[in-house]
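Taking it in order: structure first as structure tokens, then the write-up.
The values are calculated or read from the model by the stated rules, or taken from the named source; none is laboratory data. Since the structure is predicted, the reported quantities are computational estimates derived from the model, not experimental observations. Note that each Cβ is placed from the backbone with ideal geometry, even for glycine, and that neighbours are counted across all protein chains shown.
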């Protein structure tokens with residue numbers, strides 16, 4: 001190597017082609033040079049850049065500098081902190097607080113840092129995520145020392161996102177103390193109980209201190225339909241223990257850890273996105289022991305990540321709001337305390353996952369939604385598949401007279417309508433209207449964002465296509481290209497549309513995983 005060069009070494013695990021392409025692009029953006037290929041990495045000119053810039057890289061295990069020094073990027077250290085002996089064999093996506101709670105459809109955290117680097121975000125830049133979900137972008141902004149605000153209409157998503165942020169901000173001393181206290185209490189309580197059978201009413205009353213039930217548990221009547229009495233008693237006991245033994249800064253974190261266990265401990269079929277019953281339910285589950293294991297595992301992972309990160313002073317927050325409303329977007333953006341420099345997000349899909357139905361038990365157990373309002377909450381989400389016949393009719397009427405930005409979408413949806421046959425059921429008959437309503441919502445979001453972005457600000461969406469079969473004919477809804485076309489008509493400039501063919505989101509079962517996506521890069525008008 002010649003003076004002031006560096007070798008960026010690939011990780012030991014295999015990178016997908018899109019990751020190598022992003023790695024090359026982020027290196028070029030950060031170091032203002034074109035990398036050249038080396039046997040085990042990329043060779044770059046440093047051009048006077050300090051070593052701190054190299055520490056921001058995403059897809060490299062080590063940087064060897066021509067002066068004989070070397071460094072490990074923060075991202076590589078974070079991944080290693082969660083993997084232990086497996087660190088060299090596979091990419092970690094659950095480092096830090098990313099594994100706190102399952103959330104269907106979230107994207108790899110590495111891509112957020114890579115996009116931020118590609119957009120050349122500096123320390124304390126401000127990022128907006130209009131579809132923040134469980135907070136992947138927000139947590140990566142904390143790791144990267146960027147301010148951020150996220151918006152979502154799913155109460156559980158907002159709760160998870162803020163719990164992740166609180167987890168990393170909480171002191172390690174407090175995390176260790178509260179975890180040890182709660183874990184010991186749960187294990188001691190579980191130590192002399194038999195979890196292989198259902199408990200008698202007397203055993204349940206003994207666990208709950210003689211009360212037999214807890215009237216303060218919200219949605220208890222609904223939860224009792226889906227959770228065995230022996231498990232419900234453990235749920236109530238654990239919620240009470242968290243309230244008594246955890247500090248204010250960790251209480252909500254532990255509640256979310258408990259929430260993440262509910263699906264597998266309930267009567268709900270864990271292999272179905274909808275809320276359907278198991279065929280052979282167990283009469284009991286060792287929820288107390290699983291909770292102790294989970295808080296110990298999550299706490300250890302976060303504490304290791306905090307050691308790798310050092311201090312962070314930027315602000316991040318998720319808010320329950322609607323990114324289609326420009327006034328609400330402006331209000332949310334003020335929480336950053338700095339001008340929004342970029343938008344980084346993974347929007348929902350034209351036929352979004354049934355988030356509310358899938359997460360119904362957690363929403364009820366945490367008191368985030370009254371069970372009688374579940375359908376109303378689901379229908380508010382962009383990409384919802386929940387439409388009545390009347391709503392479908394109204395949307396189909398709107399397809400006939402649309403603004404120019406939605407013309408191509410309307411043409412596709414009308415074609416889908418014409419292909420319908422009597423054999424298509426209610427959900428299939430809804431598909432044209434569902435698709436059109438999705439793009440209406442996305443158009444509203446793309447129109448509201450310029451209110452909080454200065455001229456020349458960047459937007460990055462990771463989104464993929466959908467397919468549906470109507471009347472025996474398969475339609476491909478090419479969401480990335482349709483959004484790109486619509487964005488241009490709304491005044492955005494399309495910078496790039498990068499295919500991510502090998503990127504895959506692993507959901508409850510593989511047939512629901514997304515296998516093809518694209519990175520859409522836009523720039524607001526000057």
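Against the condition out of contact with any strand residue (DSSP E or B) (no Cβ under 6 Å at 6 or more places or on another chain), buried (at least 16 other Cβ atoms within 10 Å of the Cβ), within 21 Å of residue 348 (Cα to Cα) and in contact (Cβ under 8 Å) with a residue 24 or more places away in the chain, how does residue 286 come out, does it pass? For residue 286, the condition - out of contact with any strand residue (DSSP E or B) (no Cβ under 6 Å at 6 or more places or on another chain), buried (at least 16 other Cβ atoms within 10 Å of the Cβ), within 21 Å of residue 348 (Cα to Cα) and in contact (Cβ under 8 Å) with a residue 24 or more places away in the chain - is not met.
Please tell me if residue 122 is surrounded by fewer than 24 Cβ atoms within 10 Å (Cβ to Cβ) and without any contact (Cβ under 8 Å) to a residue 60 or more places away in the chain. Judged against the criteria, residue 122 is a match.
The set of residues from the range 446-479 being surrounded by fewer than 22 Cβ atoms within 10 Å (Cβ to Cβ) and part of a helix (DSSP H, G or I) comprises 447, 448, 450, 451.
Checking the conditions here, which among 328, 334 is more than 20 Å from the chain's Cα centre (by Cα), part of a helix (DSSP H, G or I) and under 21 Å from residue 121 (Cα atoms)? First the steps, then the outcome.
On the way: 328 fails: under 21 Å from residue 121 (Cα atoms).
When all the criteria are applied, what remains is 334.
For residue 339, which of the numbered conditions (1) surrounded by fewer than 17 Cβ atoms within 10 Å (Cβ to Cβ); (2) in the same structural domain as residue 448 (by TED's automatic domain parsing); (3) closer than 30 Å to residue 174 by Cα fails to hold? The one condition residue 339 does not meet is (3). Within the range 484-497, the set of residues being free of Cβ contacts under 8 Å to residues at least 60 places away in the same chain, assigned to a helix (DSSP H, G or I) and surrounded by 15 or more Cβ atoms within 10 Å (Cβ to Cβ) comprises 484, 487. Checked across the range 447-469, the condition of being modelled with pLDDT of 95 or more and within 26 Å of residue 388 (Cα to Cα) holds for no residue.
Among the residues of the range 253-276, those identified as surrounded by fewer than 18 Cβ atoms within 10 Å (Cβ to Cβ) and either within 23 Å of the chain's Cα centre (by Cα) or free of Cβ contacts under 8 Å to residues at least 24 places away in the same chain (or both) are 264, 269, 270, 271, 272, 273, 274, 276.
Is it the case that residue 94 is at pLDDT below 95, within 20 Å of residue 12 (Cβ to Cβ) and part of a loop (DSSP other than H, G, I, E, B)? Taking the combined requirement at face value, the residue satisfies it.
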